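A quick write-up on the structure given underneath.
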Amino acid sequence: MLYRVRRFKWHASDRLVPIVLQAVNGPCPLLAIVNCLTLADKLSFHPEQRQVSFEELQLMLRSYLEGVMAERKSELASALRSHEDALELLPRLEQGLDINVVFAAASRFEYTPAIAMFDAFGVPLYHGWCYDPQDKATAEALKDMSYNQAVQLLTTDFTIPSKSSNGKSNDATVANNDDEDEVKRHADDDVEECKADKDNDNDGAQEQQQLLQQLQQQQQQQQQQQQQQQQQQ
């Protein structure tokens, strides 16, 4: 895929800064990283360049990241691991990334290789999925919950405590019990229908047998009458 390169004046300087424009359904993570680095004067394009391919952008980011890794050799293995994760994720930038936000703050995410990739490029990441702290009910419900945790909570079956005959509390899923009773009722109805169908089939078979016997008797009588007529002649 090809992306347009546009230049504009950055701040009050006369320097023209290139940015990559999004195509139809273009990959936002790719363009976010590239444009952040170009605005920081860490990536550059040819002055006459008007288009750039995904393969070219991927090579530019890989080259930049390898240079950063060479400068940070003395850091901890975890930091180097984030660079390796970023290199592995580069080919997937054209399809987008799966990022799990945490509602408590704009800068909080579940830490994944995708988040580590932004860290490796030195690009801070923020989201807008924050609840209003003045909304006490929502703030109390979500707290430090992530998006995936909220979805899991909404799709989880809830149980209602009930008491058994001995007075002890049991957790009983009322909806599930109702469903089981309904299934049992349908099963009983199906059994009765099958019995009725079987009886009807048996009655039908007996009627067919009787009709067949009557036809055979009629044929035998006709044959006997023909034989008698032939003998008389």
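Within the accessible surface of the range 34-154, defined with a 1.4 Å probe on protein heavy atoms only, the carbon and sulfur portion equals 53 percent.
Ranked by the mean number of other Cβ atoms within 10 Å per residue, highest first, peptides 101-112, 36-47 order as 101-112, 36-47.
The peptide list 53-63, 146-156, 117-127, put in order of mean Cβ contacts within 10 Å with the highest first, becomes 117-127, 53-63, 146-156.
The values are calculated or read from the model by the stated rules, or taken from the named source; none is laboratory data. Since this is a predicted model, take the numbers as computed values, not measurements. Don't worry about glycine lacking a Cβ; one is built from the backbone with ideal geometry, like all the others, and counts go over all protein chains shown. The accessibility values were calculated without ligands, DNA or RNA, using every heavy atom of the protein model including side chains. Shrake-Rupley method; radii C 1.70, N 1.55, O 1.52, S 1.80 Å.
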